[in-house]
Amino acid sequence: MRKKSSGPVGTVPPDAAGARTPGPAVSGAAHGDWLTLGRDGRLSLYAPTEDGLLRWTETTVGGADWNGPHLVPGAGLTHLTVVQGDDSYVHFLGRRERVGADGARRVDVVHAIQYQTGLAFTDWRSLGNPHPDREQGLLLGPPVGAVASDGSVHVFARGAHGGLVLRREAPNGKWRAWENLQGVGLSPWPAPVALAGGRIEVCVDAETGVFVWRQLEAGGDFTGPRGFALRPAPGTVAALETGPEQATFFWTDADSGAAVSWRAGGWPTPLGGSPAQRPYATLRTTLDGYDCLVLAYRDPDGHAVFGVGGVGDEGNGLWWYALTEPCEGSPALARDGRGRVVMALIDPEGRPRVARQEPGTGLSLGPWSEL
């Protein structure tokens, strides 16, 4: 049974005059789904800081006001990934680096959960390190995650030897041992996707192209890696379910500098746009009655860009919109409790900012608000 903790979340206190004092500085954007929609219809935004992570939460469904920042302590986190399951639970995966009493550095993966919007997190739980050798353990990449439809958490990372490692929950809620899924020369950022039928697929760019791992059935072993001679720009791969049991992967093509979409067994489809510097934020939503895809990324000039197109109609390209807002790391996308598309970013001063879909046809974003 997962244990909730009553103590790890703290609010940055107001000063004597009642104004909120400056909180810990945001150290950049988290990886994954760091803007989430809770079961109660309120959005939450999460960002890493030197002492753990910070959380902001809407005070009302779709409203303009946010509570926060609330500090969730987590010393030693070098990377933070946020992933949400169909049950609305939000999972936090961190790569933690600490110095022991002997002065030696050690790395492990840690996991915490938020069950309800705006409430306490569980304590951080260590998932260990797949490498018994301490020096090899220091080479472990940042963890990324996917939550299967049954709620089981799957944690992927690049291992010390350049292959893919996995630790996942069993049906009884206990964690299985680390698994070596093989591969070589992988990027630090695997792109897993949890499909509605319960399976998970993973795509990772590598020195020699692209590797894909697939489950043939929900909860089963992963087949692969299957290699493809394609050329993604390193670290730009993202994933989204675009149809029943259909995983689509997105990346920047290393040759053309444009976005592409790709499904295993086919050829990459050009989508246009400028080169991304991080994995794309992805969202599937309905616009004007059509099933649509939204992508967002940080361009080489450091500004946010988003594109819109039809799901399954990527051959016609996407409509791209370059924004004037600078950002650090990848933006995040979500729908709020009123069904509107929301984009979030971290500006160069470490301040979270959000913009919402304006009324009308298509997708246009309204003014940016600083949290």
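The values are calculated or read from the model by the stated rules, or taken from the named source; none is laboratory data. These figures come from a predicted structure and were not determined experimentally. Note: ideal-geometry Cβ built from the backbone for every residue, glycine included; neighbour counts use all protein chains shown.
Of everything in segment 216-256 that is assigned to a loop (DSSP other than H, G, I, E, B) and among the charged types (D, E, K, R), the residue that is farthest from the chain's Cα centre (by Cα) is Asp255.
Of all residues assigned to segment 175-198, none qualifies as being more than 26 Å from Val110 (Cα to Cα) and modelled with pLDDT under 95.
Name every residue in segment 319-344 that is among the aliphatic types (A, V, I, L, M), over 21 Å from Thr117 (Cβ atoms) and in contact with a Leu (Cβ under 9 Å, 6 or more places away or on another chain), in order of residue number. Step through it out loud before you land on a result.
So in segment 319-344, the residues among the aliphatic types (A, V, I, L, M) come out as 322-323, 332-334, 341-344.
Next, from what is left, pick out any that are over 21 Å from Thr117 (Cβ atoms): 322-323.
Across segment 319-344, the qualifying residue is only Leu323.
What residue, among those in segment 44-63 that are in a strand (DSSP E or B) and hydrophobic (A, V, I, L, M, F, W, C), is nearest to Cys327 (Cα to Cα)? The residue in question is Ala47.
Restricting to segment 11-43, name every residue that is modelled with pLDDT under 95, assigned to a strand (DSSP E or B) and more than 20 Å from Gln277 (Cα to Cα). Quick ask: steps written out before the conclusion?
Just the residues of segment 11-43 that are modelled with pLDDT under 95, to begin with: 11-28.
Filter again for assigned to a strand (DSSP E or B), leaving 11, 14, 20, 26.
Within segment 11-43, Thr11, Pro14, Arg20 qualify.
Within segment 200-212, residues that are among the basic types (Lys, Arg) have Cβ atoms under 6 Å from residues that are assigned to a strand (DSSP E or B) in no pair, counting only partners at least 6 apart in sequence or on another chain.
Only one of Gly315, Gly350, Gly309, Gly337 is touching a Ser or Thr at 6+ places or on another chain (Cβ under 8 Å) and closer than 25 Å to Pro244 by Cα; which?
Gly315
Scanning segment 324-355 for residues that are in a strand (DSSP E or B) and either hydrophobic (A, V, I, L, M, F, W, C) or free of Cβ contacts under 8 Å to residues at least 24 places away in the same chain (or both) turns up Thr324, Ala332, Leu333, Ala334, Val341, Val342, Met343, Ala344, Leu345, Ile346, Val354, Ala355.
Pairs meeting the criteria (first residue in segment 230-247 and closer than 11 Å to Gly197 by Cα and in contact (Cβ under 8 Å) with a residue 12 or more places away in the chain, second residue surrounded by 21 or more Cβ atoms within 10 Å (Cβ to Cβ) and aromatic (Phe, Trp, Tyr), beta carbons under 9 Å, at least 6 apart or on different chains) are lacking.
Among the residues of segment 44-54, just one is surrounded by fewer than 22 Cβ atoms within 10 Å (Cβ to Cβ) and either modelled with pLDDT of 95 or more or in contact with a helix residue (DSSP H, G or I) (Cβ under 9 Å, 6 or more places away or on another chain) (or both), namely Thr49.
Yes or no, residue by residue, for (1) without any contact (Cβ under 8 Å) to a residue 60 or more places away in the chain; (2) charged (D, E, K, R):
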residue	(1), (2)
Gly272	yes, no
Thr282	yes, no
Thr285	yes, no
Asp288	no, yes
Arg298	yes, yes
Asp301	yes, yes
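Take Val165 and decide whether it is outside the structural domain of Arg106 (by TED's automatic domain parsing), β-branched (Val, Ile, Thr) and within 20 Å of Pro244 (Cα to Cα). It is false that Val165 is outside the structural domain of Arg106 (by TED's automatic domain parsing), β-branched (Val, Ile, Thr) and within 20 Å of Pro244 (Cα to Cα). Taking segment 64-180 and the strands (runs of 3 or more DSSP E) fully enclosed by it, the elements with 1 or more residues that are small (Gly, Ala, Ser) are at 66-73, 90-99, 105-114, 125-128, 144-147, 153-158. If you check Trp262, Trp178 for being among the aromatic types (Phe, Trp, Tyr) and in contact with a Gly (Cβ under 9 Å, 6 or more places away or on another chain), only one passes: Trp178.
Every condition in (1) crowded, with 23+ Cβ neighbours inside 10 Å; (2) under 19 Å from the mean Cα position of the chain (by Cα) is met by Phe211 except one, and the failing one is (2).
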